[in-house]
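Here is the structure we will look at.
The values are calculated or read from the model by the stated rules, or taken from the named source; none is laboratory data. From a predicted model like this one, the values you see are computed outputs, not experimental measurements. Reconstructed Cβ throughout: ideal geometry from the backbone, glycine too, with neighbour counts over all protein chains shown. For accessibility, only protein heavy atoms count, side chains too; no ligands or nucleic acids. Shrake-Rupley method; radii C 1.70, N 1.55, O 1.52, S 1.80 Å.
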Amino acid sequence: MKKNFYALIALCALASSAFAQIQVDAPWARATVPVQKTSGAFMQLLSAKDARLVAASSPLAGAVEMHKMDMKGDQMKMEQVDGIDLPAGKAVKLASGGYHFMLIDLKRQLKAGDAVPLTLTVEYPNKKRESMTIQVPVKPLNFVSQAGAHAGH
């Protein structure tokens, strides 16, 4: 288990250095029960320059959508968004209750200890796009991330 964890950390470090404009902290996805076909993925993103997250995909999901939760009156509403602004030097949390990824039409159950490959695509003001693939660790169904600067939730 420790060997897998260190390999995951190394992969994340390599992905971060190859995609130096965007830093990904504390990524995680929620485990699923056997028949469940959707899950959420969360993290914190920090861009060195102004950018916009415009797409995400995973080979483990039929679709990955960017969503935002908002209070509308006394009800919590979730809706799909076409992008998430990443202002230069400002951390953007993708967390329950705000922006997050929805992994839809999962091809298999996500179990704690697994990793979900997730490809993120960002667009810069000059319309140039870059993509990076990260490995998102799957946490147990009852996982609650810690509050703080590097929390993904």
Quote to one decimal, in nm, the extra length available between residue 112 and residue 67 on full extension: 0.36 nm per residue of separation minus the C-alpha distance between them. 13.9 nm
Sorting check: for 69-75, 58-64, 84-90, which peptide has the highest mean count of neighbouring beta carbons within 10 Å, and how do the rest follow? 58-64, 84-90, 69-75
Between the modelled labels at residue 36 and residue 49 (7 Å from Cα along Cα→Cβ) the distance in nm is 4.0
Heavy atoms only, 1.4 Å probe, whole protein assembly: order 99, 124 by accessible area, highest first. 99, 124
Taking a crude spin-label model, label points 7 Å out from Cα along the C-beta direction, the residue 129 to residue 144 distance in nm is 3.9
